[in-house]
1. If DNA, RNA and ligands are ignored and the probe is 1.4 Å, what is the ranking of 162, 70 by accessible area, most exposed first?
2. Beyond 23 Å, how much of the Cα-Cα pair distribution for region 16-174 remains, as a whole percent?
3. Is the shape of region 109-174 best called rounded, prolate or oblate, per the rule: a/c under 1.5 gives rounded, else a/b larger than b/c gives prolate, else oblate, with a ≥ b ≥ c the square roots of the Cα gyration tensor eigenvalues?
4. With the contact rule set at Cα under 8 Å and sequence spacing of 6 or more, what percent relative contact order holds for the chain?
5. Not counting the cut sites, what is the longest span of the chain without GluC sites (Glu not before Pro) that DSSP labels loop and that have at most 15 other Cβ atoms within 10 Å?
6. Within a Cβ distance under 11 Å of residue 76, other residues only, what is the Lys/Arg minus Asp/Glu net charge?
7. At a 1.4 Å probe radius, which order do 84, 75 fall into by accessible area, largest first?
8. Charges only on Cβ, +1 for Lys and Arg, -1 for Asp and Glu: so what's the dipole of the chain about the Cα centre, in debye to the nearest 20?
Amino acid sequence: CNLFFLARQGDGLPGEELSIYLDELAELARSHGTKVLYMQAGDTVRSKRAAMRCLYPKASDKAEDVNDLCLVLQFEEGDISALFGGDISTDVEEQLLRRRKWDKVLVFKADHHGSRYANAEALLKCIRPEITVASAGKDNRYGHPSPDAVQRIKESGSRFFCTIEGGRIRAVSY
């Protein structure tokens, strides 16, 4: 089953054009047999062995930058925990640190492709990831992942991998 997660749209989404785009994207996913799930903070999708919990945003959250309304998801299966923060910035990371108590995560998908404006030291100290993965294309115009973010990640004690070096990265549990 293919799943596509979208943030539940409240009034916080800047611009009608973006809302139309997301509706079109959801319809395209459905037309290819993908189930579209709208989530907000507090929602959880469960299978027999695993759960995907939405930590952010609430439908009522607002942001000037649409990236700061990306879903933040936590996957859990037994002792395995992974955190996926989308394109959020340090502003949202700070909100998340204030909103909840964190446990160590095994895998962290670096926020905003390893941007220098995300992956704050405070977040990394709190979640203590064993493995951090950044998704970025070679020679991308943004310079992701940034050397500053990579340094913060490595200094946190996390092993760092990027799709630039090896292409697709898969995490498999047995």
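The values are calculated or read from the model by the stated rules, or taken from the named source; none is laboratory data. This structure is a prediction, so every number in the text was calculated from the model and none was measured. As a convention, Cβ positions derive from the backbone with ideal geometry for all residues, glycine included, and neighbour counts pool all protein chains shown. Protein only, heavy atoms only, side chains kept; ligands, DNA and RNA dropped before computing areas. Shrake-Rupley method; radii C 1.70, N 1.55, O 1.52, S 1.80 Å.
1. Values: 162 5, 70 35 Å².
Result of the area sort, largest leading: 70, 162.
2. Details: 5178 of 12561 pairs.
Value for region 16-174 (Cα pairs over 23 Å): 41 percent.
3. On the way: a/c = 2.11, a/b = 1.06, b/c = 1.99.
Note, shape of region 109-174 comes out oblate.
4. Working: 329 pairs, mean separation 25.3, N = 174.
Across the chain, relative contact order equals 15 percent.
5. Numbers: sites that count: 64, 130.
Value returned for the longest uninterrupted segment is 65-129.
6. Working: positive: 46, 49, 53; negative: 77, 79, 103.
Local charge sum for residue 76: 0.
7. Values: 84 75, 75 55 Å².
Listed by decreasing accessible area, they come as 84, 75.
8. On the way: 25 positive and 26 negative charges, 181 e Å.
Dipole magnitude for the chain comes out near 860 debye.
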